[in-house]
Amino acid sequence: MNPIYSRRRRKDILIRGLCFGAAAFGVTWLALILITLFYNGLAGLNLDLFVADTPPPGSTEGGLRNAIVGSLIMTVIGVGIGAPLGLFAGTYLAEYGRNDKLTSVIRFINDILLSAPSIIIGLFIYGAVVVPMRGFSAIAGSLALAVIVIPVVLRTTEDMLLLVPNALREAASALGLPRSLVIKRIAYRAARSGLITGVLLATARVAGETAPLLFTALSNQFFSLGLNKTMANLPVTINNFVQSPYAYWKQLAWSGALLITLTVLALNIGARILSAERTAK
Amino acid sequence: MAVQSDVIDDAGPYDRAKALSAFKLGDVTFYWITRLSAISVLLILGGIILSLIVGAFPAMKEYGFAFLWTQRWAPSADPPVLGALGPMYGTLVTSFIAMLIAIPVGLGIAIFLTELCPQWLRRPIGMAIELLAGIPSIIYGMWGFFVLGPFLANTFQPFMIKIFDGVPVLGAIFAGPPSYLSLFNAALILAIMVLPFITSISVDVFKTVPPVLKEAAYGVGCTTWEVVRSVVIPYTRVGIIGGVMLALGRALGETMAVSFIIGNSFRISSSIFAPGTTISAAIASEFAESDGLHQSGLILLGLLLFVLTFFVLAGARLMLMRLEKKAGN
């Protein structure tokens, strides 16, 4: 065989092999992380985890009830504030301001906020909410999460509304429907599954966020529902327990980590299925 | 029917003027709600910059530009001595090593997914890589702390230290002793975390290459690798750089994955197996218990990080926008 040809072939096979290796490398990490999470987390996954509060140092009984409830409350409030804002902002970008100078500026800034370090968001809320309120609070934590939700929802909302065919809008306008109703009744409906996908992805993003809660909501060891005080939450509790010397706390940290990961992956997969259904239609 | 609005029902069947004015009011209100929401994005950015500058001001006044090249970090000294050199060094070094690992691997996966992979395997592998992006960073940190750190310290690190022992420069970079907590461990975790960003953007831009270009190259007898190197990568270069910069922006600011396994040491060591710290890890571990000048210094670190990531991410966006224009969107 021609030596140049066989050299090119060898090189091609080598690179193909490396690319395959890279893919195997990536998938292996996911598998390794999930396997260790299940291996260490399943042992502690029992009813106590959901009905008992976090134990004092050294104790070998207790669960994560207060942290789970706290995380749920803050995530719901954060998404509750951030999702509508992001949705309306995305609506403006896609419907009213399509050819606006303002739109391109906002889109650019939003894309930067989308990837901005979450610990910076924490610092911002610390300066803007915690300092004026003179104390760490669950509401500060929720606001920090809301600031993270907005760019995610804005981005997907805009993308999804831009996919809605203009003919639909024109048809509605021709029937005499005012602009706001064209958007609410026609565009939102046509893009519904996409909009829900955005909210699900945003929820998944904040469900495991730790850095912005470290010095906004802080965390505590009790069951509390007051929004103007510190509130226990899963990520910060895990953060504290991992670095503790107590075996039982570490066990709880693994179980909590498994809970968060399963929730986040379920939300991600749910969002994916929703958007896959959409493209299949 | 969609046209039958509540507004018409409320206004009664005959009062056309009233219905129209209700429409108008609803229209104007909705317009301003959406416009103000959109503007709130700008307010958030302004608020971030303003609150960081206000918080960092005492430290700026106290240390000036010397903050940038002071290595000592002694918040409990009287008066506190604070310098950003250690965390800045750690941030840049960990991100650099992470990109060194993640760029070839991420591109390799993208090439595998677009050019080599059989159709039925494409979705599962693509999904697995994207799920990697969904795992919260604290899980990576915890996993690195309990599993990866001990593993590296017992296997990979001693191996590298032994190989490069006595070699100039490299010997200092891979110097012992092995450690559970080190810059390298943090960088490896970062690499795994940013891998999905590089892969998914590369896959997206690889798909923009017109098939006819690739087919022409295959037609003149190119191998798969030659098609990728001479057609696909040159065609999508701008997009790849954009994706890499986006990943870099993530790596620079990543907090929880790093803070467990980097060791929180402000001393700069030439060895990548030594403990260090990054800006975000320093803020995460010290901020809640800080006050006064110490806290202001940490906020100043945050401001530095924000400026750094802002420019990297802005550059990434400009690159990707250029590609979109080229694609004719």
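Run B:ALA84 past the list (1) open to solvent by 60 Å² or more (accessible area, probe 1.4 Å); (2) out of contact with any Asp or Glu (no Cβ under 9 Å at 6 or more places or on another chain); (3) touching a residue at least 24 places away in the same chain (Cβ under 8 Å) and report the number of the one that doesn't hold.
If we test B:ALA84 against (1) open to solvent by 60 Å² or more (accessible area, probe 1.4 Å); (2) out of contact with any Asp or Glu (no Cβ under 9 Å at 6 or more places or on another chain); (3) touching a residue at least 24 places away in the same chain (Cβ under 8 Å), just (1) comes out false.
Is there any pair with a first residue in the stretch A:26-44 that is at pLDDT 90 or above and a second that is not in a helix (DSSP H, G or I) whose Cβ atoms are under 8 Å apart and which are 6 or more apart or on different chains, and what are they?
Going by the 8 Å Cβ cut-off, the qualifying pairs are A:ILE33/B:ILE135.
What's the total number of residues in the stretch A:90-106 that are more than 9 Å from every other protein chain (Cβ to nearest Cβ) and within 12 Å of A:ARG155 (Cα to Cα)?
Summing the residues that are more than 9 Å from every other protein chain (Cβ to nearest Cβ) and within 12 Å of A:ARG155 (Cα to Cα) in the stretch A:90-106 gives 1.
Conditions tested, residue by residue: (1) more than 30 Å from B:GLY46 (Cβ to Cβ); (2) touching a residue at least 60 places away in the same chain (Cβ under 8 Å); (3) in the same structural domain as A:SER219 (by the TED database).
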{"position": "A:ASP100", "(1), (2), (3)": "no, no, yes"}
{"position": "A:ILE109", "(1), (2), (3)": "no, no, yes"}
{"position": "A:SER115", "(1), (2), (3)": "no, no, yes"}
{"position": "A:GLY122", "(1), (2), (3)": "no, yes, yes"}
{"position": "A:LEU143", "(1), (2), (3)": "no, yes, yes"}
{"position": "A:VAL152", "(1), (2), (3)": "no, yes, yes"}
{"position": "A:GLU158", "(1), (2), (3)": "no, yes, yes"}
{"position": "A:LEU162", "(1), (2), (3)": "no, yes, yes"}
{"position": "A:ALA174", "(1), (2), (3)": "yes, no, yes"}
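For the stretch B:162-194, give me the residue count where each residue is of a type in the set (Gly, Ala, Ser) and not in a helix (DSSP H, G or I).
Residues in the stretch B:162-194 being of a type in the set (Gly, Ala, Ser) and not in a helix (DSSP H, G or I): 5 in total.
For the stretch B:234-329, which helices (runs of 4 or more DSSP H) that fit wholly inside it have 3 or more residues that are more than 12 Å from chain A (Cβ to nearest Cβ) and out of contact with any Cys (no Cβ under 6 Å at 6 or more places or on another chain)?
B:237-253, B:292-327
With respect to A:ILE13, determine if the residue is at pLDDT 90 or above, assigned to a helix (DSSP H, G or I) and surrounded by 19 or more Cβ atoms within 10 Å (Cβ to Cβ).
Taking the combined requirement at face value, the residue does not satisfy it.
Yes/no matrix, rows are residues, columns are (1) buried (at least 17 other Cβ atoms within 10 Å of the Cβ); (2) touching a Gly at 6+ places or on another chain (Cβ under 6 Å); (3) charged (D, E, K, R):
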position	(1), (2), (3)
A:ILE150	yes, yes, no
A:GLU158	yes, yes, yes
A:LEU161	yes, no, no
A:ALA172	yes, no, no
A:LEU177	yes, no, no
A:ALA187	yes, no, no
A:LEU195	yes, no, no
A:LEU201	yes, no, no
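Condition check ((1) among the β-branched types (Val, Ile, Thr); (2) open to solvent by 10 Å² or more (accessible area, probe 1.4 Å)) across all residues:
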| site | (1), (2) |
| --- | --- |
| A:MET74 | no, no |
| A:VAL79 | yes, yes |
| A:TYR92 | no, no |
| A:ILE106 | yes, no |
| A:PRO132 | no, yes |
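Restricting to the stretch A:32-55, name every residue that is open to solvent by less than 40 Å² (accessible area, probe 1.4 Å), β-branched (Val, Ile, Thr) and away from chain B (no Cβ under 14 Å).
The one that is open to solvent by less than 40 Å² (accessible area, probe 1.4 Å), β-branched (Val, Ile, Thr) and away from chain B (no Cβ under 14 Å): A:THR54.
Quick check on this structure: which one of A:LEU102, A:LEU114, A:LEU87 is more than 30 Å from B:LEU190 (Cα to Cα) and modelled with pLDDT under 95?
Just a single option satisfies the conditions, and that option is A:LEU102.
As an exercise: evaluate B:ALA282 against (1) touching a helix residue (DSSP H, G or I) at 6+ places or on another chain (Cβ under 9 Å); (2) open to solvent by 20 Å² or more (accessible area, probe 1.4 Å) and give the number of the one condition it does not meet.
Only one criterion in (1) touching a helix residue (DSSP H, G or I) at 6+ places or on another chain (Cβ under 9 Å); (2) open to solvent by 20 Å² or more (accessible area, probe 1.4 Å) is unmet by B:ALA282, namely (2).
Report yes if B:GLU254 is among the charged types (D, E, K, R) and surrounded by 21 or more Cβ atoms within 10 Å (Cβ to Cβ), otherwise no.
The answer is yes for B:GLU254.
Is it true that B:PHE197 is touching a Lys or Arg at 6+ places or on another chain (Cβ under 7 Å), assigned to a helix (DSSP H, G or I), modelled with pLDDT of 90 or more and not β-branched (Val, Ile, Thr)?
yes
I need the full set of residues from the stretch B:152-184 which are closer than 19 Å to B:SER137 by Cβ and more than 14 Å from chain A (Cβ to nearest Cβ), in order please.
Scanning the stretch B:152-184 gives B:SER182, B:LEU183, B:PHE184.
Sort out which residues of the stretch B:27-42 are open to solvent by 30 Å² or more (accessible area, probe 1.4 Å), facing chain A (nearest Cβ under 7 Å) and closer than 13 Å to A:ARG179 by Cα, and write them in order of number.
B:ASP27, B:TYR31, listed by residue number.
Give the number of residues within the stretch B:112-136 that are touching a residue at least 24 places away in the same chain (Cβ under 8 Å) and either more than 7 Å from every other protein chain (Cβ to nearest Cβ) or over 22 Å from the mean Cα position of the chain (by Cα) (or both).
7
The values are calculated or read from the model by the stated rules, or taken from the named source; none is laboratory data. Computed from a predicted structure; not experimentally measured. We place every Cβ from the backbone using ideal geometry, glycine too, and count neighbours over all the protein chains shown. Side chains are part of the model used for accessible areas, which takes the heavy atoms of the whole protein and leaves out ligands, DNA and RNA. Shrake-Rupley method; radii C 1.70, N 1.55, O 1.52, S 1.80 Å.
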